[in-house]
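The values are calculated or read from the model by the stated rules, or taken from the named source; none is laboratory data. Keep in mind the model is a prediction, meaning the values are calculated, not measured. No Cβ is skipped: glycine too gets one built from the backbone with ideal geometry, and neighbour counts run over all protein chains shown. Keep in mind that these areas ignore ligands, DNA and RNA; they rest on the heavy atoms of the full protein, side chains included. Shrake-Rupley method; radii C 1.70, N 1.55, O 1.52, S 1.80 Å.
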Amino acid sequence: MKKQKGIFITFEGPDGSGKTTQINLLNDYLSNKGYNCIQTREPGGTKVGEKLRDILKNPELNNSLSIITEVLLLQTARAQHVYELIKPSLKAGKIVLCDRFADSSTTYQGIGRGVGKETICKLNNFSTTGLEPDITILLDLPPKNGLERADEREHGQKKDRWEEQDLNFHQKVRNAFLELAKENDKRFEVVSAIGTIEEVHHRIIKIIDKRLKPIIL
């Protein structure tokens, strides 16, 4: 196999869209084809990031954690993630598969929480030192479907702080994702998350196979 160039692939989408399942399947698919992959997530990916993730997703803090604190903790986790894991992995020629990245901050906090898209984009650029994904897979489905899936997934467990938000919040997030995809159509690939796990997986690998050909050295 020829020398592999580092490639950054992110998965985005509303809660319940199946990102984690699909990123696991893509990791297996690419690894079986001989690509050197690393799988990670946000918030998280590092020891610092995982500790911040526990705070950020804790539903008991829903009424006490300020939106400014939420934004800055996410950006702190991302800065460490990029510095410690993502950039070194790309430099080593790996394919980095990340479950959520800066686009989630733009949609969830910028639009959903009302902080403002411009503010979040500036913070994203600062925390990532300008790093952007090569490919972003946006798994799209109506918020009602996603929340129903999330309920089934939790099996009676408490929802996290973002899943607890109302349907209007999740609709704003979905609309924001679709708008971002239009604005960045060379990077984004919108994939319907409706269907079986296998059907969605095949939609994704068809896109990835096509997109990787001109990138791999």
Distance from the Cα centre of the range 11-90 to that of the range 182-196, in angstrom?
19 Å
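Highest first, please rank the peptides 79-92, 56-69 by the mean number of other Cβ atoms sitting within 10 Å of their residues. Mind dumping the intermediate values first?
Values: 79-92: 17.6, 56-69: 12.4.
By packing density, highest mean first, the sequence is 79-92, 56-69.
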Cross-link table Lys144/Lys213; Lys47/Lys206; Lys57/Lys91; Lys94/Lys186; Lys47/Lys117; Lys51/Lys213, entries beyond 26 Å C-alpha to C-alpha
Lys144/Lys213; Lys47/Lys206; Lys57/Lys91; Lys47/Lys117; Lys51/Lys213
Under 1.5 on a/c is rounded, so check that first for the range 1-76, then, if it is not, pick prolate when a/b is larger than b/c and oblate when it is not; a ≥ b ≥ c are the square roots of the alpha carbon gyration tensor eigenvalues.
prolate
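Under a 1.4 angstrom probe, counting protein chains only, how are Thr119, Thr10 ranked by accessible area, largest first? Display every interim value, and only then the final one.
Details: Thr119 70, Thr10 0 Å².
Listed by decreasing accessible area, they come as Thr119, Thr10.
Ranked from highest to lowest mean number of other Cβ atoms within 10 Å per residue, what is the order of the peptides 106-114, 122-130? Could you put the intermediate results ahead of the total?
Values: 106-114: 21.9, 122-130: 15.7.
Sorting 106-114, 122-130 by mean packing, highest first, produces 106-114, 122-130.
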Per-residue SASA entry for Leu52, accessible area with 1.4 Å probe, Å² rounded to 10
20 Å²
Can you pull the percent of Cα pairs in the chain with separation above 23 Å?
45 percent
Using a simple spin-label model with points 7 Å from Cα along the Cα→Cβ vector, what separation in nm is obtained for Ser66 and Glu118?
2.2 nm
